[in-house]
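I have placed the structure first, in the form of structure tokens, so that the comments after it can refer back to it.
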Amino acid sequence: MKKAMRNVVGAVGIDLRLLGMIGALVLLWIVFDLSTGGRFMTPRNLFNLSVQTASVAVMSTGMVFVIVTRHIDLSVGALLGFIGMVMGTLQLNILPEYLGFGHWSIWMITAVVGLLLGTIIGAFQGWIIGYLTVPAFIVTLGGLLVWRGAAWWVTQGQTVAPLDSTFRMLGGGVEGTLGSQLSWLVGMVATIAAVVTIVLARRRKSNHGFNVKPLWAEYALGGIVTLLILGYVVIMNAYPLPKGAAKRYAEAQGIEYPADGLFISHGIAIPVIILLVVAIVMTVVAQKTRFGRYVFATGGNPDAAELSGINTRLLTVKVFALMGALTAIAAVIASARLGAVGNDLGVLDELRVIAAAVIGGTALSGGIGTIYGAIIGAVIMQSLQSGMAMVGVDAPLQSIVVGVVLVLAVFIDIVYRRRAGV
Amino acid sequence: MNKQTPLIEMKNIELAFGGVKAVNDVSVDLYPGEVVGVLGHNGAGKSTLIKVLSGAYKADAGEIFVNGEKATINNPRDARAYNIETIYQTLALADNLDAASNLFLGREIVNRYGMVDDDAMEAETRKIMQRLNPNFANFKSPVSALSGGQRQSVAITRAVYFNARILIMDEPTAALGPQETEMVSKLINQLKAEGIGIFLISHDIHDVMELCDRISVMKNGKLVGTEKVDDVTDDEILAMIILGKKPTKSK
């Protein structure tokens, strides 16, 4: 029975670790749903969960590369705070002076400046690590203190609020969603893209005369993916806007607001779309580019990479620059979601991000890790936290549980790897 | 003796690590279709000398000629450009990657969009493995899951695939069983017949007597001497390695 199971899994081509993570996540959701009397697995909570996860998940994809190359980045939380603070000041205190308050381009300029800032700071830290050979732990520990302090300095500790209204849409509030029709469109496009990818991969493999999976396995895989994508759209569309927002929406569209309310769907939140794009790009980078290949080769054996002519120092700079850019994207999402930037923005995020990557199967010894794993890791972390909050677990106990789960997850991963011999 | 231009000529190479001269005024050469053994104790400087040629180290002094022309080798990429390929004792494989990724590491096949084409690389790997080690079948697993001989196959294939003219083999049989050693010996003879020049670094005398045409012996960073294998006995080689004594040219 077990063997038959394994054969099926092997044929579909999903690795057991991924299955284990999804199993753990589903179990977690069921337990929370039962213990909250069915409040956990509601469209509303799943919507919030996906929005809350986005920021950490975006950063965790970059942390995979950092950890795979045997480094660590402890500065991402503080850097997120600093970039958020700069972006907030820029769009509230500086740009309106030149462009006028609420100008349409403010959000774009802000985001681009944030992205540049993140990339440059990341590259700078990477340069110290790669070329000056100061250990990443030290450089980014220093970075944690430096950027947290710098964030305070930008506004002398004042909270910046309220952020530009277009910018706030990137955080996925009531207005920051796609609505029902666009969500369906995205779902359709994603489904078609997934199916085309599966078909093309199969054709390529058979062109080279390699063994391909049995046809039923391809259908099964395509079916599961389609179900997941469209199921997600259905759930997000099942979450209606609150009354006030629905009323405003109706007025804006020129529809009369009926007395018994109007069902306007949230649809997929914009930060989730951002995460989706980041996830796809990062997966392609990891698997299909030379850069990605060198990241993994360097993590597996730095000497071999060096002897193969790979410039591992420059690679380190690039990896940290990428981490910085992703931190900036996360800063956009996190600050836009709150609509304000306070001094505590991103506090302890570095640990959440590292935990997400590690729970997702990234090995601190280097060379091993996946983008999807890190994202699932981030969802697991966030589910655990918001689930416990809903159940009413005391805050100190929440920390204890998260800490224990982190160690346990890595232990299970080590045991699995020893058994599977990979 | 040989009137051909040497494939490689290393002249008066010197390299010091923090005051210790690991290689001290050493000159060696290599002709097409020839196997030259570089012998010596651990720490005699043979690996260091050869790493200068492969681009892993940069010499403090001395010159390298490839086909009679002065060559500048500053890093492994330069060496590869001169068709100098190296198989390191440690194999220098990324354990977490599969055979094809290792074979093409640093020289990946990309499609027209600049994306790494794994399927094409696997097809090429299958092709060349068919020639060099037909028993090799494990193309999907990371090389950490392979046996010593299979890993060696990957390392050798990598060197041979890219039209090596000069091959450096650092202890190629150190980690292998008898059967696999036999395979490597066969391969060396095959490559030799194709006109490739091989530097073989070893401290196994029998290996050397069987495979090499000439030997260059090093001791304490200096060259003791270079001899034709047919002109010397096992004992004389041992004397060179251990005592640093050149054989008397009486016979």
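The values are calculated or read from the model by the stated rules, or taken from the named source; none is laboratory data. What you see is a predicted model, and the numbers here were worked out from it, not measured in a lab. Using ideal geometry, Cβ is built from the backbone for each residue, glycine included, and neighbour counts are taken over all protein chains shown.
Mind checking which residues of segment B:32-46 are at pLDDT 90 or above and assigned to a loop (DSSP other than H, G, I, E, B)? Within segment B:32-46, B:Pro32, B:Gly33, B:Glu34 meet the criteria.
For the criterion of being within 28 Å of B:Ile237 (Cα to Cα) and surrounded by 20 or more Cβ atoms within 10 Å (Cβ to Cβ), B:Thr48 passes. Could you check, for segment B:199-219, whether at least one of its residues is free of Cβ contacts under 8 Å to residues at least 40 places away in the same chain and not in a helix (DSSP H, G or I)? Yes; the residues of segment B:199-219 include at least one that is free of Cβ contacts under 8 Å to residues at least 40 places away in the same chain and not in a helix (DSSP H, G or I). The residues of segment A:287-335 that are farther than 19 Å from A:Leu276 by Cβ, aliphatic (A, V, I, L, M) and more than 7 Å from chain B (Cβ to nearest Cβ), listed by number, are A:Val295, A:Leu314, A:Leu315, A:Val317, A:Val319, A:Ala321, A:Met323. Scoring B:Thr86 on the criteria (1) over 19 Å from the mean Cα position of the chain (by Cα); (2) within 13 Å of chain A (Cβ to nearest Cβ); (3) not basic (Lys, Arg) leaves a single failure, condition (1). Here B:Ser101, B:Ser147, B:Ser141 are screened, and the one residue that is facing chain A (nearest Cβ under 9 Å) and surrounded by fewer than 19 Cβ atoms within 10 Å (Cβ to Cβ) is B:Ser141.
The rows are residues; the columns are (1) small (Gly, Ala, Ser); (2) surrounded by 24 or more Cβ atoms within 10 Å (Cβ to Cβ).
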site: A:Ala78; (1), (2): yes, yes
site: A:Thr89; (1), (2): no, no
site: A:Ala111; (1), (2): yes, no
site: A:Ile129; (1), (2): no, yes
site: A:Ala136; (1), (2): yes, yes
site: A:Trp147; (1), (2): no, yes
site: A:Gln156; (1), (2): no, no
site: A:Arg168; (1), (2): no, no
site: A:Gly172; (1), (2): yes, yes
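Just so you know, in segment A:189-215 the residues that are in contact (Cβ under 8 Å) with a residue 40 or more places away in the chain and either assigned to a helix (DSSP H, G or I) or over 20 Å from B:Ala123 (Cα atoms) (or both) include one that is nearest to the other protein chains (Cβ to nearest Cβ), and it is A:Pro214. For B:Asn135, the conditions (1) surrounded by fewer than 15 Cβ atoms within 10 Å (Cβ to Cβ); (2) at the interface with another protein chain (Cβ under 9 Å from one of its Cβ atoms) are fulfilled apart from (2). Condition test on A:Gly366, is it within 21 Å of the chain's Cα centre (by Cα) and surrounded by fewer than 24 Cβ atoms within 10 Å (Cβ to Cβ)? Answer is yes for this residue.
Residue pairs whose Cβ atoms lie under 7 Å apart, sitting 6 or more positions apart in sequence or on different chains, and linking a residue in segment B:151-171 that is touching a residue at least 60 places away in the same chain (Cβ under 8 Å) to a partner that is part of a loop (DSSP other than H, G, I, E, B) and of a type in the set (S, T, N, Q), are B:Asn163/B:Asn83; B:Ala164/B:Asn83; B:Arg165/B:Asn83; B:Ile166/B:Asn83; B:Asp170/B:Gln89; B:Glu171/B:Gln89; B:Glu171/B:Ser202.
The set of residues in segment A:39-67 that are of a type in the set (A, V, I, L, M, F, W, C), surrounded by fewer than 22 Cβ atoms within 10 Å (Cβ to Cβ) and in contact with a Ser or Thr (Cβ under 8 Å, 6 or more places away or on another chain) contains only A:Leu49.
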